[in-house]
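Novice: The structure follows.
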Amino acid sequence: MTKPLISVVTVVYNAVDSIGGTIKNVIAQNAEVGEVEYWVIDGGSTDGTLDIIKEYSGCLQFVSGPDSGIYDAMNKGIELCSGDWIIFMNAGDMFCSENSIKNVFASKSYPGIDVVYGDCIVNYGDLKKYRKGGNIGQLWKGSCFSHQSAFIDLNLHKKNLYNIKNRIAADFEFFYGLSAAGGNFLKVDQAISVVTSGGLSDIKRVDAMVAWWNCVNKSSVVNFHYIRIILLEMLKGFVKSVIRPVRRKS
């Protein structure tokens, strides 16, 4: 059996309204037969999610059972996959186009590269924003690209799983640790994914920033940066809490 080039993993738990769209998007990728391996890691859903996954059982492989959170589920996916590269496209997320994988890998193999990453589009429901992937040299300032827009060398990832004790920013911890250890990142100038807002790092922005701060090497410059962005985020939250009641009254 030919080894697949790309392993796509979808982690899901009780997402009956969004899992179908993600699965359809992944299996519609315009790639040659044998280029894509697809795993869905279900956390033991009870809302009908598993029934939808089973409808596509001919196009994907899946496991279902309890886990210790999203990063534990992602680690399960890493251990099950057999491709050269792995990318996570979780429930509610999509590839930007049917040619997203093909556009990155059609004519390149990226020898010596650990992570190939690109831009993403953030879906806020009523609007979408284009977010460019940042400079890896600035990764100490916080997450600068979406993990849904990052293809990771699978052999490397199997040796370096996510830290499940870091429940908010284990993906950032992985990328920062790899960068600090001299890992090779390559930016491609294209949007790879459409990411649904409202994830844990979106909802708990201050907690995410603190988690990033805990991961990076400390210095006075680093500490000042994080104190500043955390205070600004707290101020934004306070202003929103004041403005919303006023708008309701008016």
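The values are calculated or read from the model by the stated rules, or taken from the named source; none is laboratory data. The structure displayed is predicted, hence computed values, not measured ones. Here Cβ is always computed from backbone atoms with ideal geometry, including for glycine, and neighbour counts include all displayed protein chains. What goes into the accessible areas is simple: the full protein's heavy atoms, side chains included, and nothing from ligands, DNA or RNA. Shrake-Rupley method; radii C 1.70, N 1.55, O 1.52, S 1.80 Å.
Novice: Can you find even one residue in segment 126-136 that is crowded, with 17+ Cβ neighbours inside 10 Å and hydrophobic (A, V, I, L, M, F, W, C)?
Specialist: yes
Novice: Would you pick out the residues in segment 210-235 that are open to solvent by 50 Å² or more (accessible area, probe 1.4 Å), under 25 Å from the mean Cα position of the chain (by Cα) and of a type in the set (Phe, Trp, Tyr)?
Specialist: The one that is open to solvent by 50 Å² or more (accessible area, probe 1.4 Å), under 25 Å from the mean Cα position of the chain (by Cα) and of a type in the set (Phe, Trp, Tyr): 213.
Novice: Return the total of residues in segment 166-205 being in a loop (DSSP other than H, G, I, E, B), modelled with pLDDT of 95 or more and open to solvent by 60 Å² or more (accessible area, probe 1.4 Å).
Specialist: 2
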